[in-house]
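Single-structure report; data block below.
Taken together, the values in this text are just the output of simple stated rules run on the coordinates, not laboratory data. From a predicted model like this one, the values you see are computed outputs, not experimental measurements. For neighbour counting, all protein chains shown are included, and Cβ atoms are generated from backbone atoms with ideal geometry for every residue, glycine included.
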Amino acid sequence: MPKRTTLRDIAQELQLSVSSVSLALRGHPRIPENTTEKVRQTAARLGYIYNRAAADLRRAESRLVAVCINDLSNPVFNEFLVQIEEELHSQDRAVFLGVARESAELQRQFLKTALEHGVSGIILCPVQGTGVAELDMLLPAGDGTAPVVPTAVFSRRIAAASLTQFVNDDPLTGRLAAGCVLDEGHRRIGWLGGGQATSTAQGRLAGCLALLSEAGLPPPQIRHGPTSRAFGRSAALDLLRGPEPPTALLCFSDLIAFGALAALRELGLRPGIDVSLVGCDDMDEAAFTAPGLTTVMVDKAGIGRSAARSLLEPPRPGVTVLAPRLIRRATVGPAPRA
């Protein structure tokens, strides 16, 4: 294996001290500009790569932030990750990424590894069922105490955890989705996806149910299942082939709505004309479906970037709730006449 170029190699090449080379590479004003330029040119020619880990060790600090995502098969979490990474990059931080795949054990293993590597902070989208007991490594003295490193939770709320948390207003998301089709005269409504295992799923369905109840309408026809295109297609086909097919489908996620769109095409039904369809999240893809998907936008930039910024601020345990917004496109229209 080739030997890694060090500061000492550059210093010997230019007959300078190691400290002068180090200062020059950092652009220190004490070093003359012509010397700084020579050092940088020599470093490039010798293939020098800055050893941030060694520098962090000397300063007794880490630039690594652990980010644990529960599921990257759902593109919405990748969109959150992009916002988090960009914000951390602006703070001269690097991401140490883990994907827990809805497994409490994988989440625990990643948190343990991250702490062993001395990360400077943790940003967590918790897996289903995460409570204070599952975060004992972060809160070894129990709830109500500060975590061992600055920690921010995003997207999914952890009940009773005194951590800094940033989440979407999920009950309002459900209300916006339901209100969108009620305003168009729809009364036979279906709800696809979510389940009840996360705060996100509970909140969105609760908001929908509350608005329908206030309107004097019965609950929607509900089909719970995984957040996937395949589930969206199969659940939509099941409802639309039933004895009282809904004229509007509300989907827990855009990903489910994409599958429902496929089901409508399969049945020869026109989105926004024969059946209205609403998603949640406003993924990038939602604007480019045919027709464009009406959805409720989650402020992924606000949530992700706020979580990243919070690591450099004084701890403020509590839940910050960001408002969603309805995005009207072409998959919602008036209820068809009976």
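Observations on the model:
- Close amide H pairs (under 5 Å, H built 1.01 Å from N) link LEU249 with GLY190, SER276, LEU277, VAL278, residues at least 5 positions away or on another chain.
- Nonlocal amide H pairs with ILE222, under 5 Å, H built at 1.01 Å: TRP191
- Take the Cβ atoms of VAL18 and ALA206, set R0 to 56 Å, and the FRET efficiency comes out at 0.35.
- Extension gain for the segment GLU105 to LEU46, taken as residue separation times 0.36 nm less the Cα-Cα distance, is 16.8 nm to one decimal.
- Computed extension length for GLU214-THR5: 68.2 nm, one decimal, from 0.36 nm per residue of separation with the Cα-Cα distance subtracted.
- Neighbour-count order for SER234, SER90, fewest beta carbons within 10 angstrom listed first: SER90, SER234
- Most mobile of THR227, THR36, THR320 in a GNM of the chain (Cα contacts under 10 Å): THR36
- MRE, 222 nm, helices only [DSSP H, n ≥ 4, -39500 (n - 2.57), over the chain, to nearest 500]: -12000 deg cm²/dmol
- For PHE166, distant residues with modelled amide H under 5 Å away: VAL153, PHE154, SER155, THR320
- Placing unit charges on the Cβ atoms of the charged side chains and taking the dipole of region 170-299 about its Cα centre, the candidate lying farthest along the positive direction among LEU237, VAL298, CYS280 is LEU237.
- Our coupling estimate for region 188-198, obtained by passing each phi through the Karplus curve with A = 6.51, B = -1.76, C = 1.60 and θ = phi - 60°, is 9, 10, x, 10, 10, x, x, x, 9, 8, 10 Hz, Gly and Pro reported as x.
- Taking the fewest neighbouring Cβ atoms within 10 Å as the starting point, the ordered list for ARG328, ARG157 is ARG328, ARG157.
- From most to least packed by mean Cβ count within 10 Å, the peptides 199-210, 105-116 give 199-210, 105-116.
- The spacing between region 302-329 and region 79-120, judged by their C-alpha centroids, is 17 Å.
- Counted by neighbouring Cβ atoms within 10 Å, the residues ARG325, ARG63 run from fewest to most as ARG325, ARG63.
- Test item: Cα-centred dipole of region 66-176, Lys/Arg +1 and Asp/Glu -1 on Cβ, debye: 160 debye
- Stretching GLN91 away from ARG30 to a fully extended chain increases their span by 19.5 nm, per 0.36 nm per residue minus the current alpha-carbon distance.
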